[in-house]
Amino acid sequence: MQRPKYKRIILKLSGEALAGDKGFGIDTNTIASISQSIKEIQDLGVEVAIVVGGGNIWRGRSGKGMDRTTADHMGMLATVINALALQDALEYYDIQVRVQTAIEMRQIAEPYIRRKAIRHLEKGRIVIFAAGTGNPFFSTDTTAALRAAEIEAEVILLAKKVDGVYDSDPVINPNAKKFEFLSYIDVLNKGLKVMDSTATSLCMDNEIPIIIFGLSDPNNIKRVVLGENIGTYVKED
């Protein structure tokens, strides 16, 4: 059996990744493919925790005239919708899954409790962290960094539509340069769109590496876990 490079990971899925080519909402074929890939890495013995965004349902920051706190709370609820959809898709593959929310909603999910989350992972369950940090003004990228530090994850796998980090938008600039390796300071100083600065600083302070890769092929999740050099690797110098 192939040996994974990591024992415990945080997989950060953007809401847009769950929408597939539709651009909005949840694409059932896409979420099924992602779930199958997650099962494959779990079968390798990897403990998997997931942080999911909500941009496929609500992007409050682009709205005008709405109170920022209200908009962010709406975004947190969008992540819960995505987490429940992902839970359902994973359970189709006979995977035990627990959704934990930073805002309590006991009828549909567990409240986030660090020790309980770790215990779930040790028992071979997948844990999905929803509702962000539970606080406005913090992104789900920051949630991924925070939860990774709390559960002592070895790495954050940042699954995106693009296949890594570039010095400019590769869609607009065909000559954009892709970075294979970056330091946290490089990301902050260059203003690269990897994670927001709060999340990047949190990873730097806790020495949590970040791997940014494309999700156009869901098998990339397994490739990264096995240590294949794809995407962009962010770590200390």
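Read-outs: derived from the displayed coordinates by stated rules, not from any lab. Keep in mind that this is a model prediction, so the values were computed, not measured. Here the Cβ is made from the backbone with ideal geometry for all residues, glycine too, and neighbour counts use every protein chain on show.
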Quiz item: Near the amide H of LEU226, under 5 Å away, which other amide H atoms are found, from residues 5 or more places off or on another chain, if H is placed in the peptide plane?
Solution: LYS5
Self-check item: Bridge type composition, the chain - antiparallel percent by DSSP, nearest 5
Solution: 15 percent
Quiz prompt | Dipole axis of the range 8-235 (+1 Lys, Arg; -1 Asp, Glu on Cβ), positive-most option in ALA144, ILE211, ALA89 | solution = ALA144
Quiz item: Taking the range 124-164, how much of its Cα-Cα pair set, in percent, is spaced more than 14 angstrom apart?
Solution: 55 percent
Quiz item: Using only helices, what value at 222 nm comes out for the chain when you add -39,500 (n - 2.57) per DSSP H run of length 4 or more and divide by the total residues, to the nearest 500 deg cm²/dmol?
Solution: -11500 deg cm²/dmol
Quiz item: Under a 5 Å amide H to amide H cut-off, with H placed in plane at 1.01 Å, what residues pair with VAL51 once short-range neighbours are removed?
Solution: LEU11, LYS12, LEU13, PHE129
Quiz prompt | the range 1-37: trypsin sites (Lys or Arg not before Pro) in DSSP loop, at most 16 other beta carbons within 10 Å | solution = LYS5, LYS7
Quiz item: With helices defined as uninterrupted DSSP H runs, which ones in the chain have an alpha carbon span along their own long axis of at least 15 Å and mean Kyte-Doolittle hydropathy of at least -1.0?
Solution: 28-43, 68-91, 140-151
Exercise. Report the normalised scattering of the range 1-124 as log10 I(q)/I(0) at q = 0.10 Å⁻¹, calculated by the Debye formula with identical scatterers on the alpha carbons.
Key: -0.34
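Going through the cross-link list LYS7/LYS39; LYS5/LYS177; LYS193/LYS235; LYS12/LYS178, which pairs have a Cα-Cα distance over 24 Å in this structure?
Beyond 24 Å: LYS5/LYS177.
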Practice problem: Any chance you could list P(r) for the range 1-55, counting all Cα-Cα pairs in 10 angstrom bins from zero, rounded to whole %? | Solution: 23, 46, 25, 6
Self-check item: ³J(HN,Hα), Karplus 6.51/-1.76/1.60, whole Hz, each residue of the range 210-216, x for Gly, Pro
Solution: 10, 10, 9, 8, x, 9, 4
Quiz item: Among ASN135, ASN220, ASN175, which one shows the biggest mean-square fluctuation in a GNM of the chain, springs joining Cα atoms closer than 10 Å?
Solution: ASN175
Quiz item: How high is the FRET efficiency from ALA176 to TYR93, r the C-beta distance, R0 30 Å, rounded to 0.05?
Solution: 0.25
Quiz item: How big is the C-alpha Rg of the range 118-237 next to the rule-of-thumb value 2.2 N^0.38 Å, as a ratio?
Solution: 1.08
Practice problem: Set the Förster radius R0 to 25 Å, insert the Cβ-Cβ distance between LYS116 and LYS7 as r into 1/(1 + (r/R0)^6), and round the FRET efficiency to 0.05. | Solution: 0.85
Quiz prompt | Separation between Cα centres of the range 111-131 and the range 152-169, rounded to whole Å | solution = 23 Å
Exercise. Enumerate by residue number the trypsin sites (Lys or Arg not before Pro) in the range 129-201 meeting two conditions: DSSP loop (anything except H, G, I, E, B), and at most 16 other Cβ atoms within 10 Å of the site's Cβ.
Key: LYS161, LYS177, LYS193
Quiz item: Which percent of Cα pairs goes in each bin when the distances of the chain are cut into 5 angstrom slices starting at zero?
Solution: 1, 7, 15, 19, 22, 19, 12, 5, 2, 0, 0, 0
Quiz prompt | Amide H partners (placed H, <5 Å) of MET66, local residues excluded | solution = none
